[in-house]
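The structure under discussion appears below in the form of structure tokens.
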Amino acid sequence: MSGTDWALLGAGIAAVLGGIGSAIGITIASSTASGILSEDGSKFGKLLPLAAMPGTQGIYGFIAAVLVVIFFNVLGGKVDLPATIGFKVFLACLPVAFLCLVSAIYQGMTGAAAAGIVAADQPAPALIFPALVETYAVLALIVTILMLLGLQSAAQAL
């Protein structure tokens with residue numbers, strides 16, 4: 001495989017795994033929210049953020065993929081990325097890919113549990129619990145971005 005192939009594989013995996021995790025997480029949280037809404041439709045505004053929050057991990061994977069395409073000029077036509085750099089780009093995409101897959105699913109579970117707070121009309125801020133899970137997805141995105149920036153500098157030096 002060429003360096004460009006490795007880089008594109010990493011970008012694709014980041015986008016796909018983040019998207020899969022988000023779809024599963026949103027499904028989990030939305031299932032619980034739908035049950036609550038079938039009893040009390042007035043809680044929609046409070047439940048929507050809990051159901052939507054796992055979708056951010058798909059966005060993070062998408063951001064990583066777009067950064068690979070931009071940083072390494074994949075859209076520029078003539079791409080000649082060395083295999084060693086391309087493989088490192090692939091590795092740099094793995095933190096956001098795998099962490100977003102897993103954290104989106106767990107964030108969906110946490111959002112579903114937090115929906116019980118909304119259903120019970122408790123004053124506790126239900127959004128805090130799934131937001132705690134979000135922290136780790138953001139950290140993985142930051143790690144991936146920092147690694148890609150370092151690799152971009154290495155690729156430009158060649």
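Name every residue in segment 75-91 that is in contact (Cβ under 8 Å) with a residue 12 or more places away in the chain and more than 13 Å from residue 15 (Cα to Cα), in order of residue number.
79, 80, 81, 82, 83, 84, 85, 86, 87, 88, 89, 91 - these are the residues of segment 75-91 that are in contact (Cβ under 8 Å) with a residue 12 or more places away in the chain and more than 13 Å from residue 15 (Cα to Cα).
Of the residues 33, 51, only one is under 16 Å from the mean Cα position of the chain (by Cα) and either at pLDDT 95 or above or not hydrophobic (A, V, I, L, M, F, W, C) (or both); which?
Result of the check over 33, 51: 51.
Could you grab me the full set of residues in segment 118-130 that are on the phi > 0 side of the Ramachandran plot and part of a helix (DSSP H, G or I)?
Passing the criteria: none in range.
Among the listed residues 45, 10, 35, identify the single one that is closer than 26 Å to residue 142 by Cα and assigned to a helix (DSSP H, G or I).
10
Pick out the one residue from 104, 115, 137, 97 that is touching a Lys or Arg at 6+ places or on another chain (Cβ under 9 Å), in a helix (DSSP H, G or I) and hydrophobic (A, V, I, L, M, F, W, C).
Step by step, each of 104, 115, 137, 97 is checked, and only 115 is touching a Lys or Arg at 6+ places or on another chain (Cβ under 9 Å), in a helix (DSSP H, G or I) and hydrophobic (A, V, I, L, M, F, W, C).
Which count do you get for residues in segment 85-125 that are within 24 Å of residue 69 (Cα to Cα), open to solvent by 10 Å² or more (accessible area, probe 1.4 Å) and at pLDDT below 95?
1
The values are calculated or read from the model by the stated rules, or taken from the named source; none is laboratory data. Computed from a prediction, not measured in an experiment: that's the story for all the values here. So basically every Cβ, Gly included, is an ideal-geometry build from the backbone, and we count neighbours across all protein chains shown. Keep in mind that these areas ignore ligands, DNA and RNA; they rest on the heavy atoms of the full protein, side chains included. Shrake-Rupley method; radii C 1.70, N 1.55, O 1.52, S 1.80 Å.
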